[in-house]
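Please treat every number below as a calculation from the coordinates, not as lab data. Quick caveat: nothing in here was measured; it's all calculated off a predicted structure. Cβ coordinates were reconstructed from backbone atoms using ideal geometry, including for glycine residues, and neighbour counts include every protein chain displayed.
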Amino acid sequence: MKTMLTKANRASLARQVEEIALSTPVTDVHTHLYEPVFKDLLLWGLDELLVYHYLVAESFRYHDLPYEKFWALPKARQAELIWDELFIKHSPVSEACRGVLTTLHAIGLDVRKRDLPSLRAWFARQTVDQHVTRCMDLAGVQRIYMTNSPFDDLERPVWEKGFRRDERFRSALRIDALLVFWPQAVARLNQWGYKVDAKAASQKTFDEVRRFLADWSKRIDAAYLMVSLSPDFKFPANDITTRLMEKAVLPHCREHGLPFALMPGVRRAVNPQLKLAGDGVGASDLTALQNLCAGYPDNKFAVTVLSRENQHELGVLARKFRNLHIFGCWWFTNVPLLIDEITRLRLELLGLSFTPQHSDARVLDQIIYKWQHSRRIIAKVLVDKYSDLAETGWKVSRAEIQRDVQDLYGGAFERFIGCPA
């Protein structure tokens, strides 16, 4: 017999769920941020917000400045051009533009005057250490997972020198340079003393790649390995990427108890003139993921897909394979319409055994808006789901809602990867 929720009871439940969803600390399970010790690699501040690749691509829809002339401009001038096009000449209604304003408002800056110089002046007075703490507090983020690549010539020396870790940050070993750009990786690996061959056909090469992965997993204390893949990725297949994955990466992950995060769906350099902003999206053949999960039950796979068309199939796969954990609404799916839709789909298919969001932030300040926006959407979805339960006569306690939200906000992910708080 269905129990009808009164308007007052629903309002009370909604207030409780919203309070918990908006205040519970978050673990941001995938970002492109860095600990402050990495200095210039940690992007922050207003100009970095404005020249973020989402806004760069959007601004080119309005102005006709040749690409090469835009890229030749100093960063400050690029930021001014984007501010003028997207915030002054047009209303900033896109999610990327709204995010900049949410961030500035949360910090306490007055955006009504549209005064770019005064906004810049405030950021110029800040220190990076203060700003990291401020942004994490405003976003309600307690822990940040980075993206770390030994092939980055600015990043690698910092790890090689060693430093005292900031306990708020955890590392993830990014291996796109290894799996996707193997021909270029060969020379670097040999230069560093790992004797590999270009064809990646010998056991010696696979052993050396495993030695490289072991050295760097230990050096950075990696919580997981990760790679972004083309929509055309297939597994099994007779190509270098899949051979390296099968013979080196997956055995390494099993040996060291490390999950492998896969992010399929990127069409790289659809418009190379846009540089980082020029990547596109395509629907992936998730048969490859099915084969990985079925063929390697002792490996764990954390997965987010870029195409909307893949979301339902991914949810169904997660119902079939407990070694698969879904996380986040990535890049082109990180807009309110799709966050709402995808979160509802996953809750209805998987219950609470997934991670609805990660920020994917490249600029520190972005964690403020990405989490403020996502929290509100997740809260709204949870209000509906708990209300549905209440109409069956099932009552959830505040403690149970708190438990559920903690799982959704990183608890389930960290249990899955074996890296608890």
Practice item. Within segment 17-26, track down each residue that is surrounded by fewer than 21 Cβ atoms within 10 Å (Cβ to Cβ) and either touching a residue at least 24 places away in the same chain (Cβ under 8 Å) or in a loop (DSSP other than H, G, I, E, B) (or both). Key: 18, 20, 22, 23, 24, 25
Review point. When only residues in segment 192-231 that are more than 29 Å from residue 281 (Cβ to Cβ) and within 20 Å of the chain's Cα centre (by Cα) count, which is surrounded by the fewest Cβ atoms within 10 Å (Cβ to Cβ)?
Key: 221
Review point. Within segment 398-412, restricting attention to residues that are out of contact with any helix residue (DSSP H, G or I) (no Cβ under 9 Å at 6 or more places or on another chain) and among the small types (Gly, Ala, Ser), which residue is surrounded by the fewest Cβ atoms within 10 Å (Cβ to Cβ)?
Key: 399
Review point. Do any residues in segment 370-381 that are touching a residue at least 40 places away in the same chain (Cβ under 8 Å) have Cβ atoms under 8 Å from those of residues that are surrounded by fewer than 22 Cβ atoms within 10 Å (Cβ to Cβ) and among the hydroxyl-bearing types (Ser, Thr, Tyr), where the two are at least six apart or on different chains, and which pairs are they?
Key: 372/102; 373/102
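For residue 14, indicate whether it is among the aliphatic types (A, V, I, L, M), free of Cβ contacts under 8 Å to residues at least 60 places away in the same chain and surrounded by fewer than 22 Cβ atoms within 10 Å (Cβ to Cβ).
Details: among the aliphatic types (A, V, I, L, M): yes; free of Cβ contacts under 8 Å to residues at least 60 places away in the same chain: no; surrounded by fewer than 22 Cβ atoms within 10 Å (Cβ to Cβ): yes.
Spelling it out, it is not the case that residue 14 is among the aliphatic types (A, V, I, L, M), free of Cβ contacts under 8 Å to residues at least 60 places away in the same chain and surrounded by fewer than 22 Cβ atoms within 10 Å (Cβ to Cβ).
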Exercise for review: For segment 42-58, state whether one or more residues are in contact with a strand residue (DSSP E or B) (Cβ under 7 Å, 6 or more places away or on another chain), surrounded by fewer than 20 Cβ atoms within 10 Å (Cβ to Cβ) and part of a strand (DSSP E or B).
Suggested key: yes
**Study point:** helices (runs of 4 or more DSSP H) contained in segment 134-191 and holding at least 3 residues out of contact with any strand residue (DSSP E or B) (no Cβ under 9 Å at 6 or more places or on another chain) and surrounded by fewer than 22 Cβ atoms within 10 Å (Cβ to Cβ)
**Key:** 156-161, 182-191
**Study point:** Residues that are closer than 19 Å to residue 174 by Cβ and either part of a strand (DSSP E or B) or free of Cβ contacts under 8 Å to residues at least 40 places away in the same chain (or both), drawn from segment 222-252
**Key:** 222, 223, 224, 225, 226, 227, 228, 229, 242
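Kindly indicate the residue of segment 331-353 that is within 22 Å of residue 292 (Cα to Cα) and surrounded by fewer than 24 Cβ atoms within 10 Å (Cβ to Cβ) and also farthest from the chain's Cα centre (by Cα) among those meeting that condition.
The initial filter retains those residues of segment 331-353 that are within 22 Å of residue 292 (Cα to Cα), namely 346, 349-350, 353.
Subsequent filtering for residues that are surrounded by fewer than 24 Cβ atoms within 10 Å (Cβ to Cβ) retains 349-350, 353.
Working: 349: 22, 350: 20, 353: 18 Å.
Among those that are within 22 Å of residue 292 (Cα to Cα) and surrounded by fewer than 24 Cβ atoms within 10 Å (Cβ to Cβ), it is 349.
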